[in-house]
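None of the figures in this text is laboratory data; all of them are computed from the coordinates on show. Remember, it's a predicted structure, so these values are computed and weren't measured experimentally. Here Cβ is always computed from backbone atoms with ideal geometry, including for glycine, and neighbour counts include all displayed protein chains.
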Amino acid sequence: MDITLLILISLGLAFYIAWIFFTLKSIDGVIRFIELGMFTTALLVLWRVFKLNLDFGLVLAVATAFAGLSWSLGQKLDIKSLLEESKSYFWILLVILSIRSFWYEPYQIPSSSMEPGLQIGDFVLVNKSIFGLKLPGTTFPINQGESPERGDVAVFYPPHTLCSVKPEDSRPDLSILTLSESQAFLRRFISLQNSRCTSLGTKYVKRVIGLPGDEVKMSGHQLWINGKKVEQKLLGIKSGKSLFEETLGNNIHVIRTNSKSLYSEYRWQIPKEKYLAIGDNRDNSLDSRDWGYFSEKYLVGKAEFIWLHWGSFSELPSFKRNSRIK
């Protein structure tokens, strides 16, 4: 655990225990000082949680459990203020945790890798139940959901953001590549993992291109899936960028490419329980071409709706982009 976060949590618990002690002693002057310390420490803990990009579902689960414990403690020690406040916080946190963990989770688009469909500052709703529910903050499944379909916009933890994943696990099919191609991939993956991995990982949003068992080829900007060429229709060229309408099964969406980009070729033979994911902004996306496949185990949900856009703090939030994600 991060040492700064551990110190802040320990300080918060110390304030909490001191507050209970002096409340039982009815020493009001000291209680006000301790309450200020508790409030300040709570803000610092939240700041550290967001800075470390920790899973907010896990944070909510811990906070809910702590509120429930405080409620029981308030009853046992007969501290009315602790009982009433903990009870109200417990139910509020439980409702938020339930919605976020078992129904829809909000997610903000942090990069331009899914443009033009998803833009920086878009807030999307991620369906957590469609691919099967998991215990909050964990990868342990509760039930069996649907499998992702080709063309779905999925939220998941890619392998290079998880320090425990070996590069060979991210691409079990390295044998289909030439020696130079496999070595280049391994160097790229290890470099990315060394600079980006954490114990809990980081969520990405990309489009599912390949399913378990598929053979996929990408030559330039053109895709072939199981030997069949993916249909692409040029919509226009503007400022050196080309827009194509791409059809994956029943899904029709728009991708963006650089009109003049370097030619490259990729091949994948997708193993069981693995998925190939590529960004719609094809020449500006860190995706399966760089880090391999994402695992079904680390699938979070399906991005379904844009409900808000807030590009920066210098502009007001807008609902003009509200729409279902294609």
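Summary of computed values
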quantity	calculated
Cα long-axis angle, helix 28-51 against the chain (0 to 90 degrees, to the nearest 10)	10 degrees
Mean-position separation - Cα centroids, segment 32-47 and segment 170-189, in angstrom	49 Å
Order of K320, K203, K51, K274 - criterion: other Cβ atoms within 10 Å of each residue's Cβ, fewest first	K320, K51, K203, K274
Packing-based ranking, highest mean first, of 144-150, 58-64 given that Cβ atoms within 10 Å are counted	58-64, 144-150
Beta bridge orientation in the chain: antiparallel %, DSSP, nearest 5	95 percent
Label-point gap, in nm, between Q269 and S323 - each point 7 angstrom along Cα→Cβ	4.0 nm
Radius 15 Å from Cβ of S170, net charge of other residues (Lys, Arg +1; Asp, Glu -1)	+2
Those lysines that a straight Cα-Cα span of less than 30 Å connects to K228, excepting residues fewer than 8 apart in one chain	K206, K217, K238, K241, K260, K272, K274, K297, K302, K326
222 nm mean residue ellipticity, helices alone, for the chain (DSSP H n ≥ 4; -39,500 (n - 2.57); rounded to 500)	-12000 deg cm²/dmol
Burial order of peptide ranges 222-230, 123-131 (average beta-carbon count within 10 Å, highest first)	123-131, 222-230
Given charges at beta-carbon only (K, R positive; D, E negative), |dipole| of segment 3-102 in Debye	120 debye
Charge dipole (segment 192-256, unit charges on Cβ, about Cα centre) - positive-most of T202, N250, L234	T202
Spin-label pair L234/S199, simplified geometry with 7 Å Cα→Cβ offset, distance in nm	5.3 nm
Residue among H160, M114, L69 farthest towards the positive dipole end of segment 67-185, charges placed on Cβ	L69
Dipole magnitude of the chain about its Cα centre (Cβ charges: Lys, Arg +1; Asp, Glu -1), debye to nearest 20	400 debye
Pairwise label distance in nanometres, F50 with E181, each label 7 Å out on the Cα-Cβ vector	4.4 nm
Shape of segment 3-102, Cα gyration tensor, a/c cut at 1.5	oblate
Span from the segment 6-25 Cα centroid across to the segment 218-237 one, whole angstrom	61 Å
Exposure proxy ranking, count of Cβ atoms within 10 Å, fewest first, for D287, D55	D55, D287
Fewest-first ranking of I142, I306, using other Cβ atoms within 10 Å as the exposure measure	I142, I306
Chain lengthening between S191 and N258 when straightened (0.36 nm per residue, less Cα-Cα)	21.6 nm
Of I79, I34, V59, farthest towards positive along the dipole that unit charges on Lys, Arg, Asp, Glu beta carbons give segment 3-102	V59
15 Å reach of a label modelled at L77, 7 Å along Cα-to-Cβ, counting backbone N of segment 24-67	24-28, 30-32, 34-35, 38, 66-67
Only Lys, Arg (+1) and Asp, Glu (-1) charged, at Cβ; segment 87-217 dipole about Cα centre in debye	440 debye
Gain upon complete extension [L43, K166; 0.36 nm per residue less C-alpha separation]	40.7 nm
Stretchable slack from I92 to T139, in nm (0.36 nm times residue separation minus alpha-carbon distance)	14.5 nm
